[in-house]
Amino acid sequence: MTIKRIRSVPGGPEPVGPYSQAVVADGLIFTSGQIPAVPGEAWPMTFAGQVRQTFANLADLLAGAGSDLSRVVKVNAYLTDEAYLDEFNRIYLETFGDGLPARTTVAVRLWGVLLEVDCIATCARAPEEL
């Protein structure tokens, strides 16, 4: 089995600790939790802005790992307040359309952001091609 560990992708946020942003193994990509970080900029302040930036970061990470949002099969979403669920669902539908992945969503306490999202996706390219 070939395993490719991706610490970060060009232009994307750097990890804030000792971990890989994504791991590609056996045709699957496992991402670490993504937040609305924008390198060199302030984070979006509205919940909707944070959701869109988080999905943009996830899309960039998946592209760097040889995939895209259309190949996501599972999403784990962590919201800081259950009151955000309707707005999250609306943007989630905009992001994934009819190709809805399986999903778990929970309300948790996070540090400095309103959400975090990780996923599992299928890989369009072999790890050795990355």
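Computed from the coordinates by the stated procedures, all read-outs in this text should not be read as laboratory data. For clarity, every value in this text was computed on a predicted model and none was experimentally measured. Cβ coordinates were reconstructed from backbone atoms using ideal geometry, including for glycine residues, and neighbour counts include every protein chain displayed.
Key figures
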{"read-out": "Residue of Thr54, Thr80, Thr104 that the Gaussian network model of the chain assigns the largest fluctuation, springs spanning Cα pairs under 10 Å", "value": "Thr104"}
{"read-out": "Ratio of Rg to Rh over the chain (Cα coordinates, Kirkwood Rh, two decimals)", "value": "0.95"}
{"read-out": "Whole-angstrom Cα spans of the range 56-102 along principal axes, big to small", "value": "34, 22, 16"}
{"read-out": "Mean Cβ neighbour count within 10 Å, used as a protection proxy, ranking 67-75, 30-38 highest first", "value": "30-38, 67-75"}
{"read-out": "Net dipole in debye of the chain [+1 Lys, Arg Cβ; -1 Asp, Glu Cβ; about Cα centre; nearest 20]", "value": "260"}
{"read-out": "For the chain, calculated [θ]222 nm from helices alone, where every DSSP H run of n ≥ 4 adds -39500 (n - 2.57)", "value": "-7500 deg cm²/dmol"}
